[in-house]
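Beneath this line is the structure, given in structure tokens, with notes to follow.
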Amino acid sequence: MSSPVDLPFLSFIQLDRNASSPVYIQAAQQIINAIQRGHLLIGSRLPGTRSLSDVLQVHRKTVTAIYAELEAQGWVEVCPNKGTFVINPEEGGLAVKTSDMPVSLAKYPEKTGYFFSKSNILDSPFEYSHCSYGFNDGVPDIRLMQMHNLSRIYSATMKRKSNRKKLGMYNQEGSEYFKAQLSTYLNLSRGLHITQENVLITRSTEMSLYIISQLLITTGDLVLVGELSFFSANMVFQKSGARIQIIPIDDQGIQVDYIRDNFEPGSIRLIYITPHHHYPTTVTLSAQRRIALLQLASEYGFVIIEDDHDYDFQYEQSAVMPLASADTQGMVIYIGAFGKSLAPGFRTGFVVAPYNLMCEMRKYLGIIDRQGDIIMEQALGEMIEEGDINRHLKKSLKVYRERRDLFCELLVDLLPEVVSFKKPTGGLALWTEWNVPFSLLKFANSCIQDDLFIPKTLLYQNAKVTAMRLGFGHLNDSEMEQSVAILKSRHDKMRC
């Protein structure tokens with residue numbers, strides 16, 4: 001029950017001793033009004049007569065008269081040896097039980113009293129299920145995360161006095177130490193040539209895209225994306241007012257020649273690509289097209305947003321360097337997420353761009369994320385410097401490579417001549433094309449009956465393609481075997 005000491009009676013009881021109405025009636029009416037408005041909750045215990053008389057500066061007998069009036073009208077109930085409690089006059093009876101929580105008669109408005117614009121663009125496409133098995137678009141397995149090591153580093157970072165001081169400061173610029181470590185890491189792993197002045201730390205890839213869009217896109221600007229592309233990025237661009245047009249994709253990535261053949265110089269504001277493993281098809285943009293795209297960007301004057309969403313997950317020895325590593329004209333904005341092999345709470349987004357653009361982007365970041373996450377960034381920086389990131393990634397890559405191989409074997413063994421795919425050179429998902437078209441939505445819904453969840457965001461179906469992007473990284477061997485067995489079982493039933 002609420003303590004009477006916590007009830008701010010003077011905030012809703014104002015007595016006028018010059019009024020014609022008696023003081024006890026004034027107080028009783030104002031207490032009733034407070035109950036109706038939710039300032040006093042049903043089940044609240046009112047102060048004793050002596051305490052309330054001190055608060056209201058009235059005689060104790062006046063308070064006795066107030067409570068008598070409230071009880072007569074059915075708003076309070078006096079319980080011997082317990083106190084006076086607020087009740088609901090419509091229900092009556094003893095309102096107080098030791099397990100009851102005070103409730104309010106007042107209701108919060110269900111709708112606003114004013115107009116505001118609604119966005120269909122930002123309707124969340126994400127779904128959730130309680131099925132025992134499920135696919136996603138390719139996320140790591142948090143069971144592989146070295147929780148003990150991560151917690152040790154984070155705890156040690158929290159305990160340092162030098163870091164505690166930073167907790168009391170706004171830090172929209174991000175940890176300079178982490179940016180220095182991250183820039184070195186990106187230079188070594190991606191072949192970039194940057195300093196910490198070229199790095200912006202964000203919460204996620206979506207936040208990075210939002211800031212870029214706010215800065216670069218105006219209503220009506222033309223943005224090019226792949227014929228099949230990342231839905232979250234498209235949502236951000238559309239919400240910023242961009243006109244989105246698609247570029248055809250083949251087994252070498254986006255068709256760069258299509259841009260030259262169908263658009264004029266100066267007509268394109270930017271192009272969004274995931275060249276390392278195109279989302280969702282996982283194909284890699286060829287070296288020839290990378291060079292051609294960089295040349296075309298300089299000639300046409302459009303920005304390239306390069307999203308290397310799964311660069312860390314490479315299973316071949318010869319890694320393809322990002323376009324940003326060969327950009328000499330300042331046309332590429334490179335974005336990604338650091339720590340993808342870790343749990344979501346240990347990841348952070350980043351943007352790499354020329355210094356003049358970075359200065360403007362930090363202004364936007366200061367509006368939406370002024371406080372930053374200095375302790376997490378400090379911990380991640382130490383993980384880079386001490387080599388923990390490389391060691392963890394090396395161990396997890398071995399597991400993910402084995403899972404990729406097993407997933408491909410299961411599809412070949414259980415769904416021969418049904419599904420076509422190419423074994424990806426990296427990433428945590430497989431692009432599977434179903435050879436005979438059928439309703440993927442109905443198929444996904446039927447799989448739920450066998451405890452397998454396939455989100456709609458993984459389904460790609462039109463006149464040209466019937467395909468799914470199936471993530472395997474989060475599944476161990478037995479989970480993978482069971483999931484593919486359900487796919488086979490449900491497909492066989494649909495054919496019958």
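Values computed for the structure shown
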item: In region 173-219, chymotrypsin sites (Phe, Trp or Tyr not before Pro) in a DSSP loop with at most 11 other beta-carbon atoms within 10 Å; result: none
item: Degrees, to the nearest 10: 205-216 long Cα axis against longest axis of the chain; result: 80 degrees
item: q = 0.12 Å⁻¹: log10 I(q)/I(0) that the Debye formula gives for region 244-391, counting C-alpha atoms only; result: -0.60
item: Cβ-placed point charges (K, R +1; D, E -1), dipole of region 270-398 about Cα centre in debye, nearest 20; result: 200 debye
item: 0 to 90° range, to nearest 10: angle between helix 23-36 axis and the chain longest Cα axis; result: 20 degrees
item: Hydrodynamic radius of region 4-86 per Kirkwood, over alpha carbon pairs, in Å; result: 12.7 Å
item: Charge-dipole axis of the chain as Lys and Arg at +1 and Asp and Glu at -1 on Cβ define it, positive-most pick from 216, 484, 439; result: 216
item: Helix 388-414 vs. the chain, principal-axis angle (Cα, 0 to 90°, nearest 10); result: 70 degrees
item: Kirkwood hydrodynamic radius of region 192-250, from inverse mean 1/r over distinct Cα pairs, in Å; result: 12.8 Å
item: Computed [θ] at 222 nm, helices only, for the chain once each DSSP H run of length n ≥ 4 contributes -39500 (n - 2.57); result: -12500 deg cm²/dmol
item: Region 143-389 - convex hull of the alpha-carbon atoms, volume per residue in Å³; result: 124 Å³
item: Net charge, residue 286 excluded, C-beta distance under 11 Å - Lys, Arg +1, Asp, Glu -1; result: 0
item: Amide hydrogen neighbours beyond the local backbone of residue 333, cut-off 5 Å, H modeled; result: 304, 305, 306
item: Greater than 18 Å apart at Cα, pairs in 422/442; 398/456; 442/488; result: 422/442; 398/456
item: Cα pair distances in the chain, grouped into 20 Å bins until the bin that holds the longest one, percent each; result: 19, 37, 24, 17, 2
item: Extreme residue, positive dipole direction of the chain, given options 274, 397, 65 (C-beta unit charges); result: 65
item: Charge sum, other residues only, whose C-beta stays under 15 Å from residue 231's C-beta, Lys/Arg counted +1 and Asp/Glu -1; result: -3
item: Over region 199-357, relative contact order from alpha-carbon pairs under 8 Å, at least 6 apart, %; result: 26 percent
item: Region 4-86: relative contact order as a whole-number percent, Cα under 8 Å and 6+ apart; result: 31 percent
item: Estimated translational D of region 364-496 in µm²/s (Stokes, Kirkwood radius over Cα pairs; 10 °C; 1.306 mPa s); result: 91 µm²/s
item: Vicinal HN-Hα couplings computed from phi for region 251-257 (Karplus, 6.51 cos²θ - 1.76 cosθ + 1.60; Hz; Gly/Pro x); result: 6, 10, x, 5, 8, 5, 4
item: Region 212-300 - Debye-derived log10 I(q)/I(0), Cα point model, q = 0.11, 0.19, 0.22, 0.23 Å⁻¹; result: -0.28, -0.87, -1.14, -1.22
item: Beta bridge orientation in the chain: antiparallel %, DSSP, nearest 5; result: 65 percent
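Coordinate-derived values only; no laboratory data. Nothing here was measured: the structure is a model prediction, and the numbers come from that model. Heads up, the Cβs are rebuilt from the backbone with ideal geometry, glycines too, and the neighbour counts pull from every protein chain shown.
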